[in-house]
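The values are calculated or read from the model by the stated rules, or taken from the named source; none is laboratory data. Since the structure is predicted, the reported quantities are computational estimates derived from the model, not experimental observations. No Cβ is skipped: glycine too gets one built from the backbone with ideal geometry, and neighbour counts run over all protein chains shown. The area values use the complete protein model at the heavy-atom level, side chains included, leaving out ligands, DNA and RNA. Shrake-Rupley method; radii C 1.70, N 1.55, O 1.52, S 1.80 Å.
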Amino acid sequence: MSSNINLIDSFQEFKDFKNIDRPTVISVLEEVFRSMVRRRYGTDENVDVIVNPDNGDLEMWRTRAVVEDGFSEDDELEIEIAEARELDPDLEVGDDYIEEITLESFGRRAILAARQTLVSKILELEKDEIFKKYKDREGELVVGEVYQIWKREILVLDDDGNELILPKSEQIPADYFKKGDNVRAVVSKVEMINSNPKIIISRTAPEFLQRLFELEVPEIFDGLIVIKNIVREPGERAKVAVESFDDRIDPVGACVGMKGSRIHGIVRELKNENIDVINYTSNLLLYITRALSPAKITSIKLDEENSRASVYLKPDQVSLAIGRGGHNIKLAGKLTGFEIDVYRESDELEEDVDIDEFSDEIDNWIIDELKRVGLDSAKAVLALSVEELVRRTDLEEDTIEEILRILEAEFE
């Protein structure tokens, strides 16, 4: 039937929609045609709309009660016996007169309007379903193909042809993609903008590194090892704190793998990002010590109230603690939640001042006398009493007291 062909042509466009189940599509189709019926007859309560789920074929049947001539109160719900017998001679008062409504009976304009409504409703549903699907997948790993490259972002298509956006800010600095390349990332943010779902994916988020570890390390995927925290400077360095629920499993060893076999693939994916895997501990001193790896810590003073840690190291370890571009100390602070201050072990000595530095306030012959008895720094002089200094040097008590006053002022 020609009228049904119109519907089938429309239906073929929608019945295989990727993100909408077939019953939903059928329901939308039925509602569109019921609205056509309501506009034409004023009601659809006595109309059955049937859509064949296999081919989209449509049937619409209208039922009216047969009443005595002159007793019809609503022509849309009732039909008088005389008119009914012209259509079916066997009908009696009290019977139902059932007639088929064809699409073409609505007219070409009504059919085109219905088709436009159908397109609009289906596209709206499609967008809602894509939004819901990806909203539930925030933080999950996705794989897509680079479709288009712009200055500030890349358009990536998933397996279903849905559009994902990878902004420049969510790319690792060393990332380079060309059309057709496969991209791995995590779903970072999903939002509706002007009724269109916008799906932002990220390769710089800590969750991306976590998902890669779950792929490479079965013990993490199985829950035997837990990632407690991840901090990153994308493309430069990352620190991962891990903990094992099984004493027989070394969490760091399991994450790194034999000869680095497990972590190598992750490092390659992250464009040679340096990854430090450390054992998590609730012992703050030990946690901070591990977080500053590979530097060796001599001692730590904690100010828990202000979340500050003063870390003392040998001079050759300071550069290791700070790291290239300050990344190591910055990430250690983020990982532990402490502001970390680094000090050389010899800082206290370095705070001392050479006695020659006071030549503008103390006569040179006095400085020479102090140096003659081995007192070549301010703190060395201040460590002795007035009596001891008088005994050791050829200086008068008044002179020594004046020297001490000058030196003490330097450290106040």
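Results, tabulated for the structure shown:
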| quantity | calculated |
| --- | --- |
| Entry for semi-axes √(5λ) of the Cα gyration tensor in Å (calculated from the structure that is shown) out of (i) 86, 23, 19; (ii) 34, 24, 21; (iii) 30, 25, 21 | (i) |
| 10 Å Cβ shell holding at most 11 others, DSSP loop, chymotrypsin sites (Phe, Trp or Tyr not before Pro): longest site-free stretch of the chain | 246-412 |
| Phi to ³J(HN,Hα) by Karplus 6.51 cos²θ - 1.76 cosθ + 1.60 over region 277-282, Hz, x for Gly, Pro | 9, 10, 6, 6, 8, 7 |
| Choice from Thr281, Thr399, Thr204 with maximal GNM fluctuation in the chain (Cα, 10 Å cutoff) | Thr399 |
| Per-residue ³J(HN,Hα) for region 168-174, Karplus 6.51 cos²θ - 1.76 cosθ + 1.60, θ = phi - 60°, Hz, x for Gly and Pro | 4, 5, 9, 9, 5, x, 8 |
| Neighbour-limited loop hits for trypsin sites (Lys or Arg not before Pro), region 126-209 (at most 12 other Cβ within 10 Å; DSSP other than H, G, I, E, B) | Lys151, Arg152, Lys178, Lys179 |
| Span-rule helices in the chain, defined as complete DSSP H runs reaching 24 Å or more along the axis (Cα) with Kyte mean at least -0.5 | 22-41, 108-135 |
| Cα centroid of region 282-341 to Cα centroid of region 179-206, whole Å | 35 |
| Protein accessible area in the chain, 1.4 Å probe - carbon and sulfur % | 45 |
| Residue-by-residue Karplus 3J(HN,Hα) for region 79-86, coefficients 6.51, -1.76, 1.60, Hz, glycine and proline x | 9, 6, 4, 5, 5, 5, 6, 5 |
| Between region 104-158 and region 219-250, the Cα center-to-center distance that results, in Å | 38 |
| Prolate/oblate/rounded label for region 174-250 (Cα gyration tensor, a/c 1.5) | prolate |
| 5 angstrom amide H check on Ala185, placed H, neighbours 5+ away | Val142 |
| Region 65-188 - charge dipole about Cα centre, Lys and Arg +1 at Cβ, Asp and Glu -1, debye rounded to 20 | 2460 |
| Loop-resident sites, region 53-157, for GluC sites (Glu not before Pro), counting at most 10 other Cβ within 10 Å (DSSP) | Glu73, Glu92 |
| The chain, helix-only ellipticity at 222 nm - DSSP H runs n ≥ 4, -39,500 (n - 2.57), divided by all residues, nearest 500 | -12000 deg cm²/dmol |
| Surface per residue (accessible, 1.4 Å probe) for the chain, Å² | 57 |
| Diffusion coefficient, µm² s⁻¹, Stokes-Einstein with Kirkwood Rh over alpha-carbon pairs of region 144-282 at 10 °C and 1.306 mPa s | 98 |
| Computed magnitude of the charge dipole of the chain (debye, nearest 20; Cβ of K, R +1, Cβ of D, E -1) | 1960 |
| Cross-link pairs Lys135/Lys330; Lys271/Lys334; Lys121/Lys168 - those with Cα-Cα distance over 24 Å | Lys135/Lys330; Lys121/Lys168 |
